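*Asks:* Sharing a structure, written as structure tokens. Questions coming.
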Amino acid sequence: MSFHQQTEEFRNSYRREHISASYSGKLHFLFTTTMCLSVIAVSIFMLDDVDWKEWLVVPFTFFYANWVEYVGHKGPMHHKRKWLGKVFKRHTLEHHRFFTDKKMDCESPKDFKMILFPPVLLIFFFFGFAVPATLLMYWLWSANAAWLLLGTLIAYYLNYEWLHLSYHLPDHHWIAQLPLIRKLRNYHYQHHNPDLMQKYNFNISYPVFDWIFKTLKR
């Protein structure tokens, strides 16, 4: 059996066993987008007379999130850890078998389940990480800094989801043809090469830390 046939067989098997008839990729996408945009809107609304030093929270949060994305992807997503086996299974054993550099496109919104994070993970990220970090920032600095931190964290999460989905849209889709998306898609295509996925292009959004740590393959 050829590699292409193995990929198709895995896709069909995954769809039968893990994607129920009631699952809606469009509703999944809409839930993630609506929840994130709502938090971002509230964060912006709550700002009041922001000092220039408080605005620095935005770029620092972006770079921190980009680093976490890199480390998390290069680490537990591609190397099995004792307490994070499900992360490794979903990403390396499922996502990378469902999508290879030779077969990157999703065939219907049903396949969004193999791309977007589960809604429960968004809720966990919000209450388990974003809210505690926001409260800590409020205690250490100010309300403005805290709202900027929360808004930027959620915006990065949504940006990650949007970009990752765009990489797996069909090549002819108008979003896939946008210059920036096309360039980032090429990086991600390289990462989905089974021979390269453990070595290169671990930033799924912007390859800042791939460039810093010299793991960027053009």
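*Asks:* Got at least one residue in segment 18-26 being aliphatic (A, V, I, L, M), out of contact with any Gly (no Cβ under 6 Å at 6 or more places or on another chain) and exposed (fewer than 12 other Cβ atoms within 10 Å of the Cβ)?
*Replies:* For segment 18-26, residues aliphatic (A, V, I, L, M), out of contact with any Gly (no Cβ under 6 Å at 6 or more places or on another chain) and exposed (fewer than 12 other Cβ atoms within 10 Å of the Cβ): present.
*Asks:* Looking at (1) out of contact with any helix residue (DSSP H, G or I) (no Cβ under 8 Å at 6 or more places or on another chain); (2) open to solvent by less than 70 Å² (accessible area, probe 1.4 Å); (3) within 30 Å of residue 89 (Cα to Cα); (4) aliphatic (A, V, I, L, M), which is the only condition residue 41 fails?
*Replies:* (3)
*Asks:* Residues in segment 55-70: is at least one under 20 Å from residue 195 (Cα atoms) and either open to solvent by less than 30 Å² (accessible area, probe 1.4 Å) or within 19 Å of the chain's Cα centre (by Cα) (or both)?
*Replies:* yes
*Asks:* As an exercise: evaluate residue 73 against (1) in contact (Cβ under 8 Å) with a residue 12 or more places away in the chain; (2) over 17 Å from the mean Cα position of the chain (by Cα); (3) open to solvent by less than 70 Å² (accessible area, probe 1.4 Å) and give the number of the one condition it does not meet.
*Replies:* (2)
*Asks:* Sticking with this structure for a sec: Read through the list (1) open to solvent by 60 Å² or more (accessible area, probe 1.4 Å); (2) at pLDDT 95 or above, then give the number of the only condition that residue 97 fails.
*Replies:* Residue 97 satisfies every listed condition except (2).
*Asks:* Run residue 49 past the list (1) in contact with a helix residue (DSSP H, G or I) (Cβ under 7 Å, 6 or more places away or on another chain); (2) open to solvent by 90 Å² or more (accessible area, probe 1.4 Å); (3) over 20 Å from residue 204 (Cα atoms); (4) of a type outside the set (S, T, N, Q) and report the number of the one that doesn't hold.
*Replies:* (1) is the only condition that residue 49 fails.
*Asks:* Out of everything in segment 105-119 that is among the hydrophobic types (A, V, I, L, M, F, W, C) and open to solvent by 20 Å² or more (accessible area, probe 1.4 Å), what residue ends up being modelled with the lowest pLDDT?
*Replies:* If we take residues in segment 105-119 being among the hydrophobic types (A, V, I, L, M, F, W, C) and open to solvent by 20 Å² or more (accessible area, probe 1.4 Å), then 117 is modelled with the lowest pLDDT.
*Asks:* From 211, 162, grab the single residue that is modelled with pLDDT of 95 or more, over 24 Å from residue 34 (Cβ atoms) and not hydroxyl-bearing (Ser, Thr, Tyr).
*Replies:* Only one candidate passes the filter, namely 211.
*Asks:* Is it true that residue 89 is modelled with pLDDT under 90 and more than 12 Å from residue 147 (Cα to Cα)?
*Replies:* Here the answer is no, as residue 89 does not meet what is asked.
*Asks:* Out of the helices (runs of 4 or more DSSP H) lying entirely within segment 124-218, which hold 3 or more residues that are in contact with a Ser or Thr (Cβ under 7 Å, 6 or more places away or on another chain) and open to solvent by 10 Å² or more (accessible area, probe 1.4 Å)?
*Replies:* Hits in segment 124-218: 143-167.
*Asks:* Starting from segment 107-126, keep only residues that are β-branched (Val, Ile, Thr), then list their pairs with residues that are modelled with pLDDT of 95 or more and open to solvent by less than 50 Å² (accessible area, probe 1.4 Å) whose Cβ atoms are within a distance under 7 Å, requiring at least 6 positions of separation or different chains.
*Replies:* Within 7 Å, the pairs are 115/164; 115/165; 115/168.
*Asks:* In this structure, is residue 78 open to solvent by less than 70 Å² (accessible area, probe 1.4 Å) and within 29 Å of residue 172 (Cα to Cα)?
*Replies:* Spelling it out, it is not the case that residue 78 is open to solvent by less than 70 Å² (accessible area, probe 1.4 Å) and within 29 Å of residue 172 (Cα to Cα).
*Asks:* Oh, and also: Based on this model, can you work out whether residue 102 counts as open to solvent by 80 Å² or more (accessible area, probe 1.4 Å), free of Cβ contacts under 8 Å to residues at least 40 places away in the same chain and under 24 Å from residue 14 (Cα atoms)?
*Replies:* Taking the combined requirement at face value, the residue does not satisfy it.
The values are calculated or read from the model by the stated rules, or taken from the named source; none is laboratory data. All values derive from a computational prediction rather than experimental measurement. Backbone-built Cβ (ideal geometry, glycine too); neighbour counts: all protein chains shown. All accessible areas refer to the heavy atoms of the entire protein, side chains included, with ligands and DNA or RNA removed. Shrake-Rupley method; radii C 1.70, N 1.55, O 1.52, S 1.80 Å.
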